[in-house]
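Beneath this line is the structure, given in structure tokens, with notes to follow.
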Amino acid sequence: MQRRTFLTLCAVGGTAASGGLLWNALRDDPLADRPVRPPSPASVASVPAGYSRSYAQIIEAAKQEGVLSIYSATDAREVAALLADFRSLYPGISVEYADLNSTEIYSRFIAEVAAREGTADFLWSSAMDLQIKLVNDGYAQAYASPEKPALPDSAVWKNEAYGTTAEPIVFAYNKRLMPAGDVPHSHAELTALLQRKPDFYRDKITSYNPEKSGVGFLYITQDAQVTGDTWDFVRALGPTAPKLYTSTGAMMERVVSGESLLAFNMIGSYALERSSKDPSVGVILPNDYTLVMSRIALIPADARHPNAAKLFLDFLLSKRGQEHLRARHMRSIRSDVAAPEGVDEIPQDTREIRVGPALLANLDQETRLRFLRRWRDTLGAKGAA
């Protein structure tokens, strides 16, 4: 799927009477030297049910900011309804949504912070390890979302990183062209299949490129942590000359067209969404273990519009926001939102990738280079796409 920038503009509103009161809740705001108006009646009326009345102060400040810039690895079309609903709640805030791959988000953000040219107000990425690295390196600000009590403890780290989904990592395959007897239901079966029929599956397997994709690196390193048999899989994968990409969309298009018969380590929400519309796409949740990842959200420490970012984080984590993600087959992090169709029965042996510092281990430069060297050596020169 081609990456692009999706820009949505709204009229900047906010006409309440100005005032000179500096609200206590905004003392750490980078715009704190700007006088903040008392909450207007409209802001007070906009406070979500169950929130403190003081939340109106954040709404008012967000209206004054008027803009929210988001860098996200979630395809813009997958969140179009989510963004539209957010705009309907807060019409005075323009939303700029940049749809980037996970590595681009990290690299672009770091470069912009270093250049002091301003950057996004909100980072949302499925490259969990890179997001946690940003938090660990001091690039995020703490914010205790009012939605936090509805989340599992494992989804929040230091009030700076929030897991927003719980999505399985799956196999996707072409049901028309892949022999039914070949369809693997576990990682072990996939390894055995490739060992048995390397010529048949030559050029017919696709996956993320862990050297160029942050999520690709995350998923294959998590596989290797779950079982050492992952290296047997990589060894079996090499002779098939897999096609490696940086986005799920590119892999899915190959599977749909029949250029590839099977995609390994696909993000389940995208595969299930495509499967719901195209009966030729099959989805397998491996029954030996299924990785479960979360898209992590954070608010940068230097966000120029931190209050608008807080509003969006709270909306994203709310039941209303999570229902929008569920509608696009992204499984909710909340227990009070039903699972999307197709993921009601996740295998019992799930391996949740937890939000926290354990994700940093493989990002140590020497460890990362050692892993990628082993990947290349095991895959062999013929595996490069």
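Hey, of (1) 20.2, 66; (2) 21.9, 74; (3) 19.7, 61, which did the structure itself give for Rg and Dmax of the Cα atoms in Å when calculated?
Given (1) 20.2, 66; (2) 21.9, 74; (3) 19.7, 61, the structure-derived one carries the label (2).
If the limit is 21 Å between Cα atoms, which of K197/K243; K243/K277; K197/K277; K277/K319 go over it? Please list the in-between numbers first.
On the way: K197/K243 17 Å; K243/K277 24 Å; K197/K277 30 Å; K277/K319 25 Å.
Those over the limit are K243/K277; K197/K277; K277/K319.
Specify which residue in the list A61, Y289, Y201 is farthest towards the positive end of the charge dipole of the chain, using unit charges on the beta carbon of Lys, Arg (+1) and Asp, Glu (-1), about the Cα centre.
Toward the positive end, the furthest listed residue is Y201.
How charged is the neighbourhood of F312? Take every other residue with its Cβ under 13 Å from the Cβ of F312, and add Lys/Arg as +1 and Asp/Glu as -1. Walk me through the numbers on the way to the answer.
Numbers: positive: R87, K310, R320; negative: E65, D85, E96, D121, E147, D314.
Charge balance near F312 sits at -3.
Kindly provide the helix-only [θ] at 222 nm of the chain, computed as the sum of -39,500 (n - 2.57) over DSSP H runs of four or more divided by all residues, to the nearest 500 deg cm²/dmol?
-10500 deg cm²/dmol
Given the Cα-Cα distance of S107 and S54 and 0.36 nm per residue of separation, how much length would full extension add, in nm? Each step should come with its number before you reach the end.
On the way: separation 53, 0.36 × 53 = 19.08 nm, distance 3.63 nm.
Stretched out fully, the S107 to S54 stretch lengthens by 15.4 nm.
Taking the Cα centre as origin and putting +1 on Lys and Arg beta-carbons and -1 on Asp and Glu beta-carbons, what dipole magnitude results for the chain, to the nearest 20 debye? Write down the numbers at each step before the final one.
Numbers: 43 positive and 45 negative charges, 94 e Å.
In debye, rounded to 20, the chain gives about 460.
How charged is the neighbourhood of Q322? Take every other residue with its Cβ under 13 Å from the Cβ of Q322, and add Lys/Arg as +1 and Asp/Glu as -1. Could the numbers behind the result be given before it?
Working: positive: R295, K319, R320, R326, R328, R331, R334; negative: D85, E147, E167, D314, E323, D336.
Spelling it out: positives minus negatives among the neighbours equals +1.
Work through the residues other than A271 whose Cβ is under 11 Å from its Cβ and net out their charges, Lys, Arg +1 and Asp, Glu -1.
Working: positive: R274; negative: E167, E273, D278.
Charge balance in the 11 Å sphere: -2.
Ignoring ligands, DNA and RNA, what percent of the 1.4 Å accessible area of the chain is carbon and sulfur? Walk me through the numbers on the way to the answer.
Details: 7860 of 16050 Å².
Result for the chain: 49 percent of the exposed heavy-atom area is carbon or sulfur.
Looking at the chain only, what percent of DSSP beta bridges run antiparallel? Nearest 5 please.
On the way: 23 of 40 bridges.
Given both bridge residues lie in the chain, the antiparallel proportion sits at roughly 60 percent.
Taking 30 Å as R0, compute the FRET efficiency from the Cβ-Cβ separation of E259 and R77 and round it to 0.05. The partial results should precede the final answer.
Numbers: r = 22 Å, r/R0 = 0.75.
Here the calculated transfer efficiency is 0.85.
Extension gain S276-A192, at 0.36 nm per residue separation less the Cα-Cα distance, in nm?
Values: separation 84, 0.36 × 84 = 30.24 nm, distance 2.88 nm.
Here the segment from S276 to A192 would lengthen by 27.4 nm.
The values are calculated or read from the model by the stated rules, or taken from the named source; none is laboratory data. The shown structure was predicted, so the numbers you read here are calculated from the model rather than taken from an experiment. All Cβ positions, even for glycine, are placed from backbone atoms using ideal geometry, and neighbour counts span all protein chains on display. Note: accessible area is taken over every heavy atom of the protein model, side chains too, but ligands, DNA and RNA are not part of it. Shrake-Rupley method; radii C 1.70, N 1.55, O 1.52, S 1.80 Å.
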